[in-house]
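Working notes, beginning with the structure itself.
The values are calculated or read from the model by the stated rules, or taken from the named source; none is laboratory data. In this text the structure is predicted, and so the values were computed from the model without any measurement. A quick note on method: Cβ atoms are made from the backbone with ideal geometry, for glycine too, and the neighbour counts reach across all protein chains shown.
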Amino acid sequence: MQVLSYLIPISLLLGGVGLLAFLYTVRSNQYDDPEGDAQRILSGQYDDRPKQ
């Protein structure tokens, strides 16, 4: 039972670090891809057939 007094703060600290890392990546626009998959899926340049 005493181990919970160590594990709970450690898990909260690691969760906070993960949340801060996620917020940093969102604010630095690492997830923005305005021309990405939406344009590539409509393009005829690539197909699923293997080359012969």
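Some points to look at:
- Single residue of L4, L23 found to be at pLDDT 75 or above and exposed (fewer than 10 other Cβ atoms within 10 Å of the Cβ): L4
- All positions within region 1-41 that are assigned to a helix (DSSP H, G or I) and either in contact (Cβ under 8 Å) with a residue 12 or more places away in the chain or hydroxyl-bearing (S, T, Y) (or both): S5, Y6, S11, Y24, T25
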